[in-house]
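Asks: Pasting a structure below so you can have a look.
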Amino acid sequence: MSQFPFKSLRDWIDFLKERGQLVENKEDVDLRGEVAAISRKIALTNGPAVVHHRIKGYPGWRIFSDGLTTRQRSAWALGISEDRIVTNLADKLKRLDKVKPVIVKDGPCKELMYFAGQVDLVKLPIAFTGEYDTPPFITAGISNIRDPETGWQNTGIRRFQLKGKDRLNNLVLPFQHEGIIFAKYIKKNKPAPVAIVIGADPLYNLVSLMPAPDQVDEMDTWGAFTGIPLEVVRCETNDLLVPATSEIVIEGEMDPKERVLEGPFSEFTGFYSGLRMLPVVHVMCVTMRKDCIYQNMYMAVPTSEAHTMGHLMNEVELLRQIKEFVPEVKDVAILSSWGMVTAVSVDKKAKVKKPGLVNKIALTVKTVKASPFVKNVIVVDDDVDPHNVHEILWCMSVKFQGQKDILVIPDFPGTILDPSEPYLGKGPGVTSYTVFDCTEKPPPYDEAYKRGVAQPRENYRKLVEEKWGIYGF
Amino acid sequence: MFESEVTPEQRERRRLLENRAWLDKNFEMVQKEYPDQWIVILDQKVASHGSDIDVVKRSAEGKEGEAVVIRIPVGTIPTPM
């Protein structure tokens, strides 16, 4: 029986199968839109993960996707309970001691090796996401790059547009760690070695999404979560380290000067990104497992696996950073589009003693580092679950009045990816920042709240939770 | 996996890459001629263009796997790094 920690994608697939959370699709699927449409339906229905066994035009390949599309599966991948997952994960991260990876001589990711001249990325089953991603993108590629000055290896999930049999565009941005490191290679006028992992264990995928501090190696965080070192191998054409059980490793170099037109891409906002001039990865080597499985991650109009993964990791970091300044904040829930709608719950009793606490929360949420996409914030009391959209809408219905409970601050830093951004994509992006105070208000607005929430007695609610399965549900 | 015979779908993808490479190389000219328009690139040339995407992409019917269908923006394309 597979269990946490999962040391490979295959361990994870076995685990999901044992729990009835995997479909093995033996029907032919088309990369031009069918794989993406299946993932879309999985996300909309909270469906299981899938392994596609028959890819039209790509005999012998399999595609895995949607392993982390639900919170429950993300919790399993992290080895924690789904109940109060954000606060549990935030607490766990506080207590972690880093465990460095261990370098092994060989691994399944080196069963097959292709060097310059033999590489043909056209033969990878890279699926279209949106209709207009032409050409399509590697969407579950985990990029590794080493700081030439400190030796720090950074790991992060990134997208790579297919541009040739041995060329990929790389979305490297200056404010991300990979961009900060790449800038050092640009300054030295030297090519930057990179290694792109496709098909790793689920925890490696999740830690690569965590907004970690500078000089923190995500592989150490993997070890901290599991208590054991990640087994890694050295690449063939550079000194980067990659998980030994990876399905596919693409090794290459980014030229410091070359830039090629990239995009458009189906972004998390649900619209396509614009075109940009971005660096190119020249692929020098591809290693893979003999019967390897290509991993795809769908991201487009919410919701999707990418949204579930990204939201969870950003919630944890937002909660951690906000609580440093406002310990009365109890939980954070990203409800849409990587933070563009975020709900925050506050200690109801503390709020009574501290007038103005909601405004303090309002300003803190937008100023912490983990908040670049935060735009519309809904504040609720801690007797409401901020992850439950029905409860959020209920609070907006009965605890909110537009004429007095909205705070709007124009021209805050935003993102150019927001289609409603007012400056037509010029510059780094600007947004209105809006806070909806959906907490219960003090006198004279509290008469109805004092009458109590209309629901069955608490002891019966708890009893039903315990007996739910026994009733036959 | 890379040793296998090239399939028709993979040949179609190669043609897609050629069409996209043509766009990348000729973008300046394309942007001058077709600003704020949808275009379809097939056989390494602009096969159709216009402001109505539903009309423009009819020329790509049956060739969705190899056609580049894209809206050409106006203005400078940003270079973030």
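No value in this document is a laboratory result; all are computed from the given coordinates. None of these values were measured; they are calculated from a predicted model. Cβ sites come from the backbone with ideal geometry, for glycine too, and all protein chains shown count toward neighbours.
Asks: Nearest-5 percent of antiparallel DSSP beta bridges in segment A:325-442? Intermediate results must be reported in sequence, preceding the final value.
Replies: Numbers: 12 of 22 bridges.
Percentage antiparallel, nearest 5: 55.
Asks: Would you list which aspartates and glutamates come within 14 Å of A:LYS404, measuring only between C-alpha atoms, while excluding same-chain residues fewer than 8 positions from it?
Replies: Partners found: A:ASP437, A:GLU440.
Asks: I'd like the orientation of helix A:305-325 relative to chain A: the angle between its Cα long axis and the longest Cα principal axis, in ° from 0 to 90, rounded to 10.
Replies: Value to nearest ten degrees: 60.
Asks: Ok, one more. Which entries of A:LYS110/B:LYS25; A:LYS92/A:LYS190; A:LYS56/A:LYS163; A:LYS92/A:LYS366 have Cα-Cα distances beyond 28 Å here?
Replies: Pairs exceeding 28 Å: A:LYS110/B:LYS25; A:LYS92/A:LYS190.
Asks: Oh, and also: Nearest 5 percent is fine: what portion of the DSSP beta bridges confined to chain A is antiparallel? Don't jump to the answer; show the numbers that get you there.
Replies: Working: 59 of 80 bridges.
Taking every DSSP beta bridge within chain A, about 75 percent pair in antiparallel fashion.
Asks: About the Cα centre, and with charges only on the beta carbon of Lys, Arg (+1) and Asp, Glu (-1), how big is the dipole of segment A:9-295? Nearest 20 debye, please.
Replies: That gives segment A:9-295 a dipole magnitude of about 260 debye.
Asks: Classify chain B from the C-alpha gyration tensor, please: rounded if a/c falls under 1.5, else prolate or oblate depending on whether a/b exceeds b/c.
Replies: oblate
Asks: Which of rounded, prolate or oblate describes segment A:325-442 when judged by the alpha-carbon gyration tensor and an a/c cut-off of 1.5?
Replies: Prolate shape, in that a/c is at least 1.5 and a/b is the bigger ratio.
Asks: Then there's this: For segment A:9-295, rounded, prolate or oblate, judged on the Cα gyration tensor with a ≥ b ≥ c (square roots of eigenvalues), a/c < 1.5 rounded, else prolate if a/b > b/c?
Replies: Rounded, since a/c falls under 1.5.
Asks: In whole percent, what relative contact order does segment A:325-442 give with Cα contacts below 8 Å and a gap of six or more residues? If you can, show how the numbers build up before the last one.
Replies: Details: 220 pairs, mean separation 30.6, N = 118.
Computed over segment A:325-442, the figure is 26 percent.
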